[in-house]
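See structure below.
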Amino acid sequence: MPSIPSTSTTSVWQYLARLLVLTLLPFYAHALSHEELMTLQPIPNVKEHGIGIYVYEGMNAMDALGPMQVFSTAGLQPFIVGKTAGAIKASNGLSINVQKSFADVPQLDILVVPGGALETIMQTQDTEVINWILEINKKSVYTSSVCTGAWILGTAGLLKGRYATSNWWRAAEILKKFRAIPQPYKRYVFDGKIVTSAGVTAGIDMALAIVQRLYSHDGNGGKDFTQAVMLDLQYDPHAPVRGGNPAKTDPFVFEAMKEMYDMFLYDWFKLLPPIPK
């Protein structure tokens, strides 16, 4: 850094101007123009084999459509894939027309597996689903899950020895069953190519985090491109009340919700196959 002159006021201002240039030069040297930012391509190029959003009967629509909207806004052209082609109905009644089946999709760059409730547990019992996910994972850049979709990845053995998160309900207990290292209060977790998110809306955050990594060459660590996506979505959530995870929820409300989940899920939870040590 240049020494501060001790002569005239003019010299001091010249020093400050020089210091300002030296401070801002690295930023302007790396900042992209509007055209460059808008035409930036992901690295690695996940458009080659694509981003597949796996859907199935009874899954949570937001788990799938949240990440799909983020990736679509980022220009990554995600698509829906199902075990078979045809219509499926999400847990909220939304009908989704599946045009690509497992047979049509032998490889993906990114796989997103959404969650649900009983139907998700049934997915863990479907060897065709598990085998397809394992096949996709062999060459994927990222294999990811939203909410209880982690149960499906866990059944496939993909969480063994990895840091992972999931839906809040008995998260640590269930993740341990899959030999994962539980991170139950994390919004999303990267461990190598395996990416897991907490429940439902956390899938949006996870997708944005993936976008940032894919566009980390934007001159600002992916922040500029990701902010552009966030602004297009006007993603700046401000809930009317504090809550959304166990740590921020009133203990009475948390216990009531846990008891409700236990009533209709705990017996089914026992069907989740444990992963050998």
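Each value in this text was obtained by applying a stated rule to the coordinates, not by laboratory testing. For clarity, every value in this text was computed on a predicted model and none was experimentally measured. When we count neighbours, we look across all protein chains shown, and the Cβ atoms used for this are built from the backbone with ideal geometry, even at glycine.
What the table shows:
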| item | result |
| --- | --- |
| Near-label residues of the range 172-216 by backbone N, under 19 Å of a point 7 Å along Cα→Cβ of Lys277 | 173-182 |
| Acute angle (nearest 10 degrees) that the helix 223-233 long axis makes with the longest principal axis of the chain, alpha-carbon atoms | 60 |
| With Cα atoms, 0 to 90° folded angle of helix 61-73 axis to the chain main axis | 30 |
| Packing-based order for 196-203, 185-192, using average beta carbon neighbours within 10 Å, highest first | 196-203, 185-192 |
| By average C-beta atoms within 10 angstrom, highest first, the peptides 66-79, 233-246 | 66-79, 233-246 |
| Virtual spin-label span in nm between Lys223 and Asp104, 7 Å along Cα→Cβ | 4.1 |
| Spatially proximal lysines relative to Lys248 (Cα-Cα < 21 Å; intrachain offsets below 8 disregarded) | Lys186, Lys258 |
| Förster-model FRET efficiency, 30 Å R0, Asn245 and Leu94, C-beta, rounded to 0.05 | 0.75 |
| Long-range amide H partners of Val195 with built H, under 5 Å | Thr143, Ser144, Ser145 |
| Set Lys177/Lys270; Lys160/Lys193; Lys47/Lys100; Lys83/Lys277; Lys176/Lys277 screened for pairs whose C-alpha atoms are more than 18 Å apart | Lys83/Lys277 |
| Candidate values [x] 37, 25, 19; [y] 42, 23, 17; [z] 42, 19, 15, label of the one derived for semi-axes √(5λ) of the Cα gyration tensor in Å | [y] |
| Highest to lowest packing among 252-263, 99-110, scored as the average C-beta count within 10 Å | 99-110, 252-263 |
| Rounded to 10°, Cα long-axis angle of helix 202-214 versus longest principal axis of the chain | 50 |
| Two-site FRET efficiency, Ala256 against Glu128, from Cβ-Cβ distance with R₀ of 22 Å, rounded to 0.05 | 0.05 |
| Sites Ala172 and Glu57 - FRET efficiency at Förster radius 22 Å, r taken between beta-carbons, to 0.05 | 0.20 |
